[in-house]
Amino acid sequence: MMRILHVVSIMDVGGMESYIMNMYRRIDRSKVQFDFLVHHARRGVFEDEIEALGGHVYHTTLMDDFNLPKYVKALDRLFREHPEYRIVHGHLNSSAFFYLGAAKRHGIKHRILHCHCPGKINTLKGNIKHLVSQISPLNANIRLACSTEAGDYLFKNRDFEVIPNGVDAARFRFNPESREEVRRRLGLEEKFVIGHVGRFYYEKNHGYILDVFKTVKERIPQAALVLLGEGKLMETAREKARALGIEDSVRFMGLIRDCAPYYQAMDAFMMPSLYEGLPLTGLEAQFASLPCLFSDTVSPEVKFSPEAQFLPIGEENIGRWTDALTEVFRRNIDRASFAPEADRFDAAIGTEKMIQRYKALWESEA
């Protein structure tokens, strides 16, 4: 049996983690298994499912204690005690130099670095992680990226292959019954619902979402904002909503494991991120036949629906976002009348291609 070691931050709900789980649920686990190396002591929300599917999760604490010597020692112990791994698939840029370096020292020939993010946070910590990421490709001999922008950002002039994120499209297709049920449960039956799905991190730009929503609310009194996700800036966003006087119209839903029904309840989806690779939530929203507004810093490769558009961000452009959302409200789009298709983002097709790639690598070592 092939056992592939995936390296991530933590297996919580997020775009990259959902991409891996979309693959994991589809594979023939009698022939291939996924295991995970994570970088926090606490358990992620997917760990119960991973273990039920036969996978193992190894915990290190680098992102809790930032103890690099302890981390390197743990990596050496892991690869020494588990010689069954022939392929390491790394999805975490900031520490890849170390975990792929350890894999290389222990004779693991196939070391994949997979970039999911094309930018950095302009803080001391963000700049340090960016600098460390620049040396991460040195110990990788297979380079993948979710989009051209993400690959260019991390790999510079090195060759890489674009592997688009995959979505279980059928789960997100527009469902009027689900829409009615969720809107009724949330008390949103008569509302114009604008939605966003994403962790409350700097790059997701939740403050801008709230600024735009305030101006939309002034034009459309029945507007409501639904935010799915959690993160360290969630309370900051709550405080801003209160300061703007819109807190009664903003729903902070927290961490939702299955977001599919909530896309049905929305009337428009907005993502004014400061940077994105190929956001899985942007794909999910389009498969749900939602009008989507993306910032022009999101990879253009995400677009496949005729109802998706890109807008510049910045305080001077809040009016443009407001106008676009107002136009969506006025048009009252019949979502049941169209179902966008995009085979390149179909998780089933992408999983089969990735498994064939793993198989070829594995057999080359036999």
Residue list for the range 333-353, restricted to those being among the aliphatic types (A, V, I, L, M), part of a helix (DSSP H, G or I) and surrounded by fewer than 17 Cβ atoms within 10 Å (Cβ to Cβ):
Ala336, Ala348, Ile349
Some residue of the range 176-196 being closer than 29 Å to Ala96 by Cα and either surrounded by fewer than 22 Cβ atoms within 10 Å (Cβ to Cβ) or aliphatic (A, V, I, L, M) (or both):
no
Which of the residues belonging to the range 167-193 are over 22 Å from the mean Cα position of the chain (by Cα) and either among the acidic types (Asp, Glu) or part of a helix (DSSP H, G or I) (or both)?
Pro176, Glu177, Ser178, Arg179, Glu180, Glu181, Val182, Arg183, Arg184, Arg185, Glu189, Glu190
Could you please find all residues in the range 205-244 being out of contact with any strand residue (DSSP E or B) (no Cβ under 7 Å at 6 or more places or on another chain) and on the phi > 0 side of the Ramachandran plot?
Asn205, Gly231
Starting from the range 59-85, take each residue that is surrounded by 16 or more Cβ atoms within 10 Å (Cβ to Cβ) and list its partners that are among the basic types (Lys, Arg), counting only C-beta distances under 7 angstrom and pairs at least six apart or across chains.
Tyr85/Arg3
Suppose the filter is loosely packed, with under 15 Cβ neighbours inside 10 Å and at pLDDT 70 or above; does Leu138 pass it?
yes
Does the range 352-363 contain any residue that is in the same structural domain as Asp152 (by TED's automatic domain parsing), of a type in the set (S, T, N, Q) and free of Cβ contacts under 8 Å to residues at least 40 places away in the same chain?
yes
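Is it the case, given these coordinates, that Arg330 is surrounded by 14 or more Cβ atoms within 10 Å (Cβ to Cβ), without any contact (Cβ under 8 Å) to a residue 24 or more places away in the chain and in a helix (DSSP H, G or I)?
no
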Being among the hydrophobic types (A, V, I, L, M, F, W, C) and at pLDDT below 95: is that true of Val328 here?
no
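Would you mind stating whether Thr281 is within 23 Å of the chain's Cα centre (by Cα), assigned to a helix (DSSP H, G or I) and outside the structural domain of His116 (by TED's automatic domain parsing)?
yes
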Return the residues of the range 278-326 that are free of Cβ contacts under 8 Å to residues at least 60 places away in the same chain and among the charged types (D, E, K, R); say none if nothing qualifies.
Asp296, Lys303, Glu307, Glu316, Arg320, Asp323
Check off (1) part of a loop (DSSP other than H, G, I, E, B); (2) surrounded by 21 or more Cβ atoms within 10 Å (Cβ to Cβ); (3) out of contact with any strand residue (DSSP E or B) (no Cβ under 6 Å at 6 or more places or on another chain) for Glu17 and give me the number that stays unchecked.
(1)
Going residue by residue through the range 233-246, is there one that turns out to be within 30 Å of Gly350 (Cβ to Cβ), surrounded by 17 or more Cβ atoms within 10 Å (Cβ to Cβ) and not assigned by TED's automatic domain parsing to the domain that holds Asn22?
no
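Would you please name the residue that is surrounded by the most Cβ atoms within 10 Å (Cβ to Cβ), looking only at residues in the range 257-275 that are in a loop (DSSP other than H, G, I, E, B) and in contact with an Asp or Glu (Cβ under 9 Å, 6 or more places away or on another chain)?
Of the range 257-275, the ones in a loop (DSSP other than H, G, I, E, B) are 257-259, 266-267, 272-275.
Now restrict to residues that are in contact with an Asp or Glu (Cβ under 9 Å, 6 or more places away or on another chain): 259, 273-275.
On the way: Cys259: 21, Ser273: 26, Leu274: 18, Tyr275: 19.
Among residues in the range 257-275 that are in a loop (DSSP other than H, G, I, E, B) and in contact with an Asp or Glu (Cβ under 9 Å, 6 or more places away or on another chain), the one surrounded by the most Cβ atoms within 10 Å (Cβ to Cβ) is Ser273.
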Would you call Phe34 among the aromatic types (Phe, Trp, Tyr), in a helix (DSSP H, G or I) and surrounded by 13 or more Cβ atoms within 10 Å (Cβ to Cβ)?
no
For residues in the range 300-327 being surrounded by fewer than 22 Cβ atoms within 10 Å (Cβ to Cβ) and of a type in the set (Ser, Thr, Tyr), which is farthest from the chain's Cα centre (by Cα)?
Thr326
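The values are calculated or read from the model by the stated rules, or taken from the named source; none is laboratory data. Fair warning: this is a prediction, and the values are worked out from it, not measured in the lab. Here Cβ is always computed from backbone atoms with ideal geometry, including for glycine, and neighbour counts include all displayed protein chains.
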